[in-house]
Amino acid sequence: MASNTREAELKISSPTAEHITELLAAISKLQNRYHEVYQSELGIPSSLPSDYPHETSTILDALAYLSVSQGRPDSIALVLRINRNTQSVDIIASRNQDVPPASAVHLHQIWYFLRRLSNRYWEIYPNGTQETIVDREFRDISLKFAELCVRFSSKRLKEIIDSGFSDLMDVSAHIQDPGHAFYGFQDSIRTVRHMLSRDESTFADGDWRLLFFCILAIEKATDRLYKSGSIMAQELRQLWSLIRTGWLFRVRSIWESYDKLMKVTVSPQFRDIFNLQLNVHTISPETGKLSSIAESARQWEDVIEAALAYSNKYGDPRHTEPGVLDLSTIRSDTVYMAQEGVLRETVVHAEAKLLAAVEMSQQENPELPRVFTYISTTEPPCQGCDGFCRAFNITHGTTWKVQRWFEKACPSWAFPSELPRRDDILKATYNLLASDWAACYRGYLPKPASSYSDSAAESGGIGAVLDFYEDEAQNIMAKMMELRKDMEG
Ligand SMILES: [Zn+2]
């Protein structure tokens, strides 16, 4: 083995919740250093509970995007349960902080509009229709619904647009042709931003409708920009980087969510569901404080070493090959990691808290109908939540899913305090996070082949077989030497 590598020593045999937070803090620091993210394999559940129409996840996503009024810190997580016994639909909502009462009220208002639209549609088209809906009443309700959505989400939309606005303005410097589709797109964004910069108290009802149509104009301009075929061109690279980081997706999320909900109002599968009573339940947040966290480079090296040692011993070798520590990379990384401290305050993320609370209540009330096991969130789930969700499924044989996205680790992530079989899930979570990290971190190198037999010999089992092989090989070598002597003779 080269002198700058070393075997990872197993120092943690039974990881704690604090070890998970510390590992995520380490991963977060290194992701910031290398600008790397981790791509989840999760997504919409492949096998859906039979009681749920297949658009349920689409509806939940739309509701999650529409039920927050502020930007990123305000992400909400939602799950849905249909309870035929009580003729009700339960939406269970969770956030890193308290769920604002306004979000719960807004969900009720959205549901009211969905029911009115669905009922009106089936009243005029008892057999459904493939034609454009020409009914004036349906149109009026849909526009009132649009105004409601735009009014509630306007602050969030302004924050999103502002976060990429100067980059968007810079793009024009690289485009000579005034007829380029980009300019129509840029104008559509500027118009919406201009309206949103006005004081809301000066808005008349007609202004919210106008804003809605300005948002719709962004859709049309985006469509023209994509159809122009220039989206990947060199002069649009700044815009392309905004798209890659999800900016345009967020700008469009209000319109897209509204549009998806409008489509399900005419879906026969939801006809009776919209007429069920909606109950919105909220989950209390859970915060904590770490008793200690790594600070020095040496302590961060321990965190990195512990993860590899655990992955080597307990990880699935088909997923992550055993590795050794590359000391030169790790020493440089840990000096970087020690430059800034980590806050000790932690929070159980909305999606992890929601999963834990739903499963606990399900265990206490086994007669409750199963929820639809898809957690929808306004912002992409982090690596900790993704790992926790998979660990829960492995432990309990459940099918929980979160949105699919490029994920980052969050340094203040906390493991939920109450869970069925908590210790097993905790170990599985640490194992998954450590193994995922071991598979991609450049400070770990594949274990040289010779050290496989070294470590195997220590553990007995396979070593005994190899010892037998070695003995046999020596006998054969001796016989071959004799054979060669005979031949020479
Ligand atoms: Zn999270």
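Values quoted throughout were computed directly from the atomic coordinates according to the rules given, and no laboratory measurement underlies them. Owing to the predicted nature of the structure, the values given are computational and were not obtained by experimental measurement. Positions of Cβ are generated from backbone atoms using ideal geometry, with glycine treated the same way; all protein chains shown enter the neighbour counts.
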Note the full-extension length gain between Ile231 and Ser291 as 0.36 nm times their separation in residues minus their Cα-Cα distance, in nm to one decimal.
16.7 nm
With 10 angstrom as the radius, rank Asp90, Asp259 by how many other C-beta atoms surround their C-beta, starting from the fewest.
Asp259, Asp90
Order these by the 10 Å Cβ neighbour count, fewest first: Trp437, Trp247, Trp122.
Trp122, Trp247, Trp437
Do any trypsin sites (Lys or Arg not before Pro) in the range 84-134 lie in a DSSP loop with no more than 15 other beta carbon atoms within 10 Å, and if so, which?
Arg84
Modelling each spin label as a point 7 Å along the Cα-to-Cβ direction, I'd like the Ser163/Arg136 distance in nm, to one decimal.
4.3 nm
Mean-position separation - Cα centroids, the range 221-299 and the range 342-412, in angstrom:
17 Å
Kirkwood Rh, Cα Rg: Rg to Rh for the chain?
1.08
The range 263-330: GluC sites (Glu not before Pro) in DSSP loop, at most 13 other beta carbons within 10 Å:
Glu295
From the cross-link list Lys220/Lys260; Lys158/Lys263; Lys353/Lys401, the entries with a Cα-Cα span beyond 23 Å are Lys158/Lys263
Within straight-line cross-link reach of Lys313, aspartates and glutamates at Cα separation under 19 Å, skipping those fewer than 8 residues along the same chain
Glu7, Glu9, Glu301, Asp302, Glu305, Glu321, Asp326, Asp423, Asp424, Asp436, Asp454, Glu458
Sparsely packed trypsin sites (Lys or Arg not before Pro) within the range 331-364, loop by DSSP, other Cβ within 10 Å at most 10
none
Can you give the FRET efficiency to the nearest 0.05 for Glu55 and Asp98, using r as the Cβ-Cβ distance and R₀ = 41 Å?
0.85
Using the count of nearby Cβ atoms within 10 Å as a rough guide to exposure, how do Ser291, Ser361 rank from fewest to most?
Ser291, Ser361
